[in-house]
Amino acid sequence: NKNYIYFTRGRGCWSNVGKIGGRQIISIGLGCESMGIVAHEVLHALGLWHEQSRSDRDSNIWINHMNIYPGTQGNFEKRTTLNTDNMGLSYDYGSLMHYGSKAFTISFDRYTIETRDRRYQQTIGQRQALSFKDAKMINLRYCNDTCRYRMNCYNGGYTNPNNCYECKCPTGLGGRNCLSVEKSKTPKCGGDLLAGYDYQNITITAQNGNVHCVWRIRSNAQVLVYVDELQLPCKATCTSYLELKFKTDMISTGSRHCCEPPNAWIASESNTFVIIYTANVLTDGFGTWGFKLRYKLYDLDGSASKFLPHKKLIMTTTTTTTTATTITTRTRSTTATTTTPTTTTSITTATSAWSNWGKWSACSVTCGGCGKQRRIRACYGKNQYCPGPKEDMKKCGEKRCPIWQNFNCVGRLVVPCSLYKNLQFATDKDVYMLPDDKLNVDQYKYKQYVRSAFSGERLCEKYFYHLCSMSTFTVYLGWKSGNDWLKLDRRGCCSGYHYNGTVCIPD
């Protein structure tokens, strides 16, 4: 073939966008070996730009230019309809082509990308697999004429080019025509549910391992959902998550939650609400993960607040007594008096007052010192004004995390590319070795080694993996005495926290 893709172990992860002709190189450098990153570069070669570069991006996200590292602004350029084609598909926060919240940030506590709908903030940046929209866009572009027979696919599905007699369905839906709920991979969870006027619950707890459950809730009107509890590993981009698909358009990814539940009732735009629960032990470690939510039919002539618990109307009864006029005649004078008690029932609203505090949420972390728990209360009454806060917070998870884990941590460097090939990672302390009998590594060589990885751009952003011996790294681009190194013990603590001998506390 004259035109083909050639994978090489180059410097960094990169690809041209679209066909250039001849041998087209995709570089899969050190640190780029994950399936999601490889697929991301292949999609570039097939013609896809970054999702946050779409011409309609300003309706969906904000770009915080002040937080972008100098020299990397080109990664956030917006394309126009003249040089991009969205194939009539809506913006997808869960696209494999979307940058994460802190891509090329000047500081890890600042977002470079913020979603206009805050519920999607932890959805962006995933590098696990193609989203349904990614796959549909490529198939429409390259395989749309493969099948002579077109299936009647519902809910945004499309004819499977590898089997022309079935549909490829959006995440959460299944069946030959995408009219059924997707089959859960975990037994005894998920399925079709019907919402009524009474609350019903879905609860998943103590599920270790790889869990994948899908529910489809339907009603005669809309469906109203409230997540009471959520316990999952908290990450900037959720890898284990509770996904809520409440929009009429089922093609795009739903909002994914892993740190805390959305503090609001969510009503579906149609009569269908899809809920997807995914917990991946391979990436997030063992733990007691789970969630609890309520759902019911959404009464169209009401509002979400009318379904909140603890709301009460005080019933006041008043009695009105009416006495008849005295009637007198001259013949055999008789006084006739009639008393008729009339009971009138009215509904009045109490003076505005707080409801009882709700339950404390699950701690946002299980250890490390940076955890928070939250509880809320609602204000009820005629004027809807109650003095004091509606939210209460407290610290939690202050104990130190186990120092050694069976997985790696990720760090990031942004340095001039000319320095990458000379970069050394070292420590001024003795190395704590993993308790593995098969590990036979020279201590000195383990303390100091060289990794080369750079690209032709002026500035590079490089992710690297390391054993979780500490939560943060400090990179010195010059000589520094070992006595000047910061001596705080941060192992097992969140970023910005250190161990004081008992618990993790802020620096």
(request) Among residues belonging to the stretch 240-252 that are within 18 Å of residue 217 (Cβ to Cβ) and either of a type in the set (Lys, Arg) or in contact with an Asp or Glu (Cβ under 6 Å, 6 or more places away or on another chain) (or both), point out the one that is surrounded by the most Cβ atoms within 10 Å (Cβ to Cβ). (result) 245
(request) List every residue pair whose Cβ atoms sit under 7 Å apart, with the two residues 6 or more apart in sequence or on different chains, where the first one lies in the stretch 43-56 and is not assigned by the TED database to the domain that holds residue 134 and the second, anywhere, is surrounded by 20 or more Cβ atoms within 10 Å (Cβ to Cβ) and not small (Gly, Ala, Ser). (result) none
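Residue by residue, here is whether (1) at positive phi; (2) in contact (Cβ under 8 Å) with a residue 12 or more places away in the chain; (3) hydroxyl-bearing (Ser, Thr, Tyr); (4) in contact with a helix residue (DSSP H, G or I) (Cβ under 6 Å, 6 or more places away or on another chain) holds:
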site: 128; (1), (2), (3), (4): no, yes, no, yes
site: 133; (1), (2), (3), (4): no, yes, no, no
site: 143; (1), (2), (3), (4): no, yes, no, no
site: 168; (1), (2), (3), (4): no, yes, no, no
site: 181; (1), (2), (3), (4): no, yes, no, no
site: 187; (1), (2), (3), (4): no, no, no, no
site: 193; (1), (2), (3), (4): no, yes, no, no
site: 197; (1), (2), (3), (4): no, yes, yes, no
site: 202; (1), (2), (3), (4): no, yes, no, no
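Let's see how each residue does on (1) touching a Ser or Thr at 6+ places or on another chain (Cβ under 9 Å); (2) over 24 Å from residue 215 (Cβ atoms); (3) at pLDDT below 95:
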| site | (1), (2), (3) |
| --- | --- |
| 86 | yes, yes, yes |
| 105 | yes, yes, yes |
| 115 | yes, yes, no |
| 120 | yes, no, no |
| 133 | yes, no, no |
| 171 | yes, no, no |
| 177 | no, no, no |
(message) Quick check on the stretch 21-39. Is at least one of its residues under 19 Å from residue 136 (Cβ atoms), assigned by the TED database to the domain that holds residue 135, out of contact with any strand residue (DSSP E or B) (no Cβ under 6 Å at 6 or more places or on another chain) and buried (at least 16 other Cβ atoms within 10 Å of the Cβ)?
(response) yes
(request) Tell me which residues, restricted to the stretch 103-145, are charged (D, E, K, R) and closer than 15 Å to residue 50 by Cβ. (result) 127, 133, 134
(request) Can you give me the number of residues within the stretch 1-59 that are over 25 Å from the mean Cα position of the chain (by Cα) and assigned to a loop (DSSP other than H, G, I, E, B)? (result) 18
(request) Filter the stretch 211-267 down to the residues that are farther than 20 Å from residue 189 by Cβ and among the basic types (Lys, Arg), then identify the one that is modelled with the lowest pLDDT. (result) 235
(message) Looking only at strands (runs of 3 or more DSSP E) that lie completely in the stretch 185-284, which have at least 1 residues being farther than 24 Å from residue 121 by Cβ and in contact with a Leu (Cβ under 8 Å, 6 or more places away or on another chain)?
(response) 200-204, 211-218, 222-231
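The values are calculated or read from the model by the stated rules, or taken from the named source; none is laboratory data. Given the structure is predicted, the values throughout are model-derived calculations rather than measurements. Because the Cβ atoms are built from the backbone with ideal geometry, glycine has one as well, and the counts that use them run over all protein chains shown.
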